[in-house]
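Trainee: I'd like to ask some things about the structure below.
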Amino acid sequence: MVQSPKTLIAGNWKMNGFSSDLSQFTAVVEALSKKPVPDCQVLLCPPVTILAAASTISENSALQTGAQNTHIAQSGAHTGDIGAAMLKDAGADFIIVGHSERRADHQETDGVVNAKAQSCLNAGLVPIICVGESQAERASGLALTVVEHQLNGSVPDCDETQEIVIAYEPVWAIGTGLVPDTDDITNMHAAIREWLVNRFGDKGHGIRILYGGSLKPSNAAQILPIANVNGGLIGGASLKSEDFLGIVYAV
Ligand code: 13P
């Protein structure tokens, strides 16, 4: 049986952050060098405009950097788009794909998300594949069905050497201050684990499942220890180093 995976605390800056905010990266790097958290991998995904500069600051530190989206192709005639190999060249180790905001704003289907995740793997990067139900879907008792359907469509095949991460982000918990209760997180993460083991066999035990949606320093100590929660994907509370580090140090 594969050992339980190392916790991953990942920040998603979304469409926020200027070069003046690179000081937040410096602050996280300095804090982690003074007070390391060996049991935790730490990642920040800034907007692509400051990714290369952020990656330079984080080089040789305990902080890794990632991107928030990629094109399905590595390069070519796609004006305004950026491929996974280019994001790797800019310093990314991970790429978030299929975030609910992209599924909603850009009509990204499970098939598109799957192709983007595959493109990350082809470039040697780790896709963080996001899934999660809406408020109406949860209210109708469809949360598990919806997430299973998204997993079926969005998760690409991968071999023993390739790594993927799943992020469960209930849409209604994102940026609202609302968080599912412990039982609901437990049940959803257990169902995702079961799906991963059915799909990938033993490898499925080692794939990280992050929780995302209004995760903050004040609730991290309740949410992160839940079974099959292998870390968090954090939006608002990742923008300021003190808040983000508050979650990292709750691990
Ligand atoms: P918040 O932490 O701001 O709720 O955002 C979660 C999220 O969407 C991370 O990808």
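Trainee: Could you give the C-alpha radius of gyration of segment 104-149 expressed as a fraction of 2.2 N^0.38 Å, taking N as the number of residues it contains?
Mentor: 1.38
Trainee: Listed here are the pairs Lys6/Lys216; Lys35/Lys116; Lys116/Lys216; which of them are more than 31 Å apart at the Cα?
Mentor: Lys35/Lys116, as the Cα separations exceed 31 Å there.
Trainee: Can you compute the charge dipole magnitude of the chain about its Cα centre, using +1 on each Lys and Arg Cβ and -1 on each Asp and Glu Cβ, nothing else charged? Give it in debye, rounded to the nearest 20.
Mentor: 340 debye
Trainee: Pick out which of Gly175, Gly98, Gly235 has the largest mean-square fluctuation in a Gaussian network model of the chain, springs linking Cα atoms closer than 10 Å.
Mentor: Judging by the Gaussian network model, the answer is Gly175.
Trainee: Given the convex hull over the Cα atoms of segment 53-95, what projected area results after averaging over all orientations, in nm²?
Mentor: The directionally averaged projection comes out at 3.1 nm².
Trainee: If you average the alpha carbon positions of segment 218-232 and of segment 128-171, how far apart do those two centres end up, in angstrom?
Mentor: 18 Å
Trainee: Pop a pseudo-label 7 angstrom from the Cα along the beta-carbon direction at both Asp89 and Asp159 and give the gap in nm to one decimal.
Mentor: Inter-label distance under the simple model: 2.5 nm.
Trainee: If you rank Lys216, Lys35 by fewest surrounding Cβ atoms within 10 Å, what's the result?
Mentor: Going from sparsest to densest Cβ surroundings: Lys35, Lys216.
Trainee: Cα convex hull of the chain: mean projected area in nm², to one decimal?
Mentor: 12.5 nm²
Trainee: Can I ask one more? Report, largest value first, the span of the C-alpha coordinates of segment 106-251 along each principal axis, in whole Å.
Mentor: On the principal axes, segment 106-251 reaches 37, 36, 33 Å in Cα extent.
Trainee: If you don't mind, another one. Could you list the square roots of 5 times each eigenvalue of the Cα gyration tensor of segment 62-171, that is, the equivalent ellipsoid semi-axes, sorted largest first and rounded to whole Å?
Mentor: 25, 15, 13
Trainee: Pick from Val197, Val48, Val147: which is most flexible by mean-square fluctuation in a GNM of the chain where alpha carbon atoms under 10 Å apart are linked?
Mentor: Highest fluctuation of the listed residues: Val197.
Trainee: Which whole number of Å³ per residue matches the convex hull of the alpha-carbon atoms in segment 1-109?
Mentor: Convex hull volume per residue, Cα atoms: 133 Å³.
Trainee: DSSP loop GluC sites (Glu not before Pro) in segment 129-183 with at most 12 other Cβ atoms within 10 Å of their Cβ, which ones?
Mentor: Passing both the DSSP loop test and the Cβ count: Glu160.
Just so you know, all these numbers are worked out from the coordinates, no wet-lab data involved. Please read all numbers here as calculations on a predicted model, not as lab measurements. Here the Cβ is made from the backbone with ideal geometry for all residues, glycine too, and neighbour counts use every protein chain on show.
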